[in-house]
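What follows is a structure written as structure tokens; I'll ask about it next.
Just so it is clear, none of the values below were taken in a lab; they were calculated from the coordinates. Predicted model, so just to flag it, every value in this text is computed and none were measured. Cβ coordinates were reconstructed from backbone atoms using ideal geometry, including for glycine residues, and neighbour counts include every protein chain displayed.
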Amino acid sequence: MSCLRGWGVVGLLFAAVLWLTPGEARAFPDEPYSLDEGKKAHTNRFHILGELGIFAGKLEGEQRSIIVSPLIEMRLQLTYSVLMQVVWGMSYANVDRDPDGNIPPDNTFRIGNPYLAFHYQGKKGQFSYRLGVGATAPVASLPDDINDQVTAASAYYLAAALRGNTGFWLWDPHTGSVIIPIAFERRKSIGFVWGAYLDTGALIKVNDKNARTSKTDFLMQMAAMMGYQATDWLRVGSRFSLVLIPKFKEQNTQLAVEPFLRFGNENAFGAIRVNINLDNPWGFSFDARQVWGLRIAGGASF
């Protein structure tokens with residue numbers, strides 16, 4: 001029944017997207033910048049994005065968890081075809097294990113792994129593409145005290161969960177990673193755009209405080225996107241994602257859907273995304289003891 005309810009919610013959201021879209025529009029990529037910038041010089045070479053991810057709910061018994069996870073991303077076009085990307089996230093966790101108030105809640109603020117990547121990008125006809133390589137530094141860490149480790153681990157793994165485990169390398173503590181990102185998009189003049197995204201890489205554990213049993217884990221992140229320019233200022237769409245970490249038993253697969261609205265133009269924008277986890281370990285999102293995610297973002301180019 002929970003699966004049926006889940007797909008029912010997805011169907012309602014998709015119907016709402018179709019209802020909003022008029023007959024004429026232009027396409028947009030799911031990313032806040034175009035992939036075809038490599039073919040010509042353009043004025044705005046620097047892009048900055050800020051995002052706030054939020055989750056609140058009960059995960060174990062009456063234990064209440066609140067996660068507030070900010071993330072900042074910067075992009076700089078080094079040449080017509082080469083883009084540099086920097087991403088760094090943080091997470092604040094408030095975990096209340098005693099609803100009667102006899103024990104104060106645990107609080108922690110954790111820094112994620114900074115990610116640096118370089119992309120080659122270009123365009124051929126209606127198709128845009130991007131191929132890159134990136135890496136993280138093992139900055140995310142867990143404290144020595146075993147009791148504090150539980151709350152700190154919640155801050156990291158729930159920051160990933162509210163994003164459907166996408167970008168897991170940002171939140172895996174005591175881990176360095178090497179990531180190969182690939183992206184393809186196709187635009188249509190009537191306003192639709194389709195995208196396919198594949199990120200593969202290795203998560204390399206540098207400390208046994210990390211819960212993964214393997215020192216090195218393979219990761220594959222796949223996503224498909226469909227978007228539509230509903231008006232000159234409103235963009236609607238949805239992204240489906242599947243994240244695989246085969247040897248990480250507790251979180252070896254995560255399937256999610258993320259409807260989004262984006263407001264603005266190429267120079268400045270705001271966005272609202274709702275992550276809905278569809279299966280274990282974090283879904284179905286709106287069942288009891290499961291995880292959803294609200295993501296509010298804004299950005300500008302200069």
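Just add up the charged neighbours of residue 163: K/R +1, D/E -1, any other residue whose Cβ is under 10 Å from the Cβ of residue 163. Working shown, then result.
Values: positive: 273, 295; negative: 51, 258.
Taking every Cβ under 10 Å from that of residue 163, the sum is 0.
Roughly how tilted is helix 2-20, in degrees to the nearest 10 and between 0 and 90, from the longest Cα axis of the chain?
Helix 2-20 sits at roughly 30 degrees to that axis.
Note the count of lysine pairs whose C-alpha atoms are less than 26 angstrom apart in the range 155-302, limited to pairs 8 or more residues apart or on different chains. If you can, show how the numbers build up before the last one.
Details: 205/215; 205/247; 205/249; 209/247; 209/249; 215/247; 215/249.
Here the count comes out as 7.
Oh, and also: Provide the gained length on full extension for the span residue 213 to residue 124, in nm with one decimal, where the gain is 0.36 nm per separating residue minus the Cα-Cα distance.
Numbers: separation 89, 0.36 × 89 = 32.04 nm, distance 4.36 nm.
That works out to 27.7 nm of additional length.
While we're looking at this one, here's another question. Efficiency by 1/(1 + (r/R0)^6): what FRET value for residue 178 and residue 232, r their Cβ-Cβ distance, R0 = 45 Å, to the nearest 0.05? Don't skip to the answer; put the middle values down first.
Working: r = 41 Å, r/R0 = 0.90.
According to the calculation, E is roughly 0.65.
Give me 127, 284 ranked fewest to most by other Cβ atoms within 10 Å of their Cβ, as a rough exposure proxy. Show your work: numbers first, answer last.
Working: 127 13, 284 20.
Fewest-to-most Cβ neighbours within 10 Å comes out as 127, 284.
How much net charge surrounds residue 296 when only the other residues with a Cβ under 10 Å from the Cβ of residue 296 are counted, with Lys and Arg +1 and Asp and Glu -1?
Numbers: positive: 273, 295; negative: 51.
Neighbourhood net charge equals +1.
Cβ under 10 Å from residue 248's Cβ, residue 248 left aside: what net charge do those residues give with Lys, Arg +1 and Asp, Glu -1? Mind dumping the intermediate values first?
Values: positive: 212, 247, 249; negative: 172, 217, 250.
Overall, the nearby charge balance is 0.
What size of dipole, in debye to the nearest 20, comes out for the chain about its Cα centre when the only charges are +1 on Lys and Arg C-beta atoms and -1 on Asp and Glu C-beta atoms?
Details: 29 positive and 27 negative charges, 236 e Å.
It works out to roughly 1140 debye.
While we're looking at this one, here's another question. Simple spin-label model, 7 Å along Cα-to-Cβ: residue 133 to residue 44 in nm?
3.1
I'm spelling it out carefully: the read-out is Cα extents along the principal axes in Å, the candidates are (1) 59, 40, 32; (2) 60, 47, 35; (3) 54, 53, 28, and one was derived from this structure. Which label?
Among (1) 59, 40, 32; (2) 60, 47, 35; (3) 54, 53, 28, the one calculated here is (1).
Next question, about the same structure. Arrange the following residues from fewest to most other Cβ atoms within 10 Å of their Cβ: 295, 97. Walk me through the intermediate numbers first.
On the way: 295 19, 97 16.
Going from sparsest to densest Cβ surroundings: 97, 295.
Computed FRET efficiency, Cβ-Cβ of residue 80 and residue 146, R0 35 Å: what is it to the nearest 0.05? List each step's numbers first, then the result.
Numbers: r = 52 Å, r/R0 = 1.49.
Computed FRET efficiency for residue 80 and residue 146: 0.10.
I've got another one for you. Could you calculate the contour length gain from residue 190 to residue 66, that is, 0.36 nm times the residue separation minus the distance between their Cα atoms, to one decimal place in nm? Show your work: numbers first, answer last.
Details: separation 124, 0.36 × 124 = 44.64 nm, distance 4.18 nm.
This chain segment gains 40.5 nm when fully extended.
What is the gain in length, in nm to one decimal, between residue 97 and residue 294 on full extension, counting 0.36 nm per residue of separation less the C-alpha to C-alpha distance? All intermediate terms of the calculation are to be shown ahead of the outcome.
Working: separation 197, 0.36 × 197 = 70.92 nm, distance 2.31 nm.
Between residue 97 and residue 294, full extension yields an extra 68.6 nm.
Moving to a separate point now. Rank 294, 281, 196 by how far each Cα sits towards the positive end of the charge dipole of the range 2-301 (+1 on Lys, Arg Cβ; -1 on Asp, Glu Cβ) and give me just the farthest.
196
Shifting gears a bit: Sticking with the crude label model, points 7 Å out along Cα→Cβ, report the distance from residue 200 to residue 107 in nm, one decimal please.
In this crude label model, residue 200 to residue 107 measures out at 4.5 nm.
By counting other Cβ atoms within 10 Å of each Cβ, how are 106, 279 ranked from fewest to most? Numbers along the way, then the final one.
Numbers: 106 18, 279 15.
Ascending Cβ contact count within 10 Å gives the list 279, 106.
Using only Cα atoms and rounding to the nearest 10 degrees, what angle (0 to 90) does helix 146-161 make with the longest principal axis of the chain?
The angle comes out near 20 degrees.
Mean residue ellipticity at 222 nm from the helices of the chain, using -39,500 (n - 2.57) per DSSP H segment of n ≥ 4 over the full residue count, to the nearest 500 deg cm²/dmol?
On the way: 2 runs with 35 residues, N = 302.
The helix contribution divided over the chain gives -4000 deg cm²/dmol.
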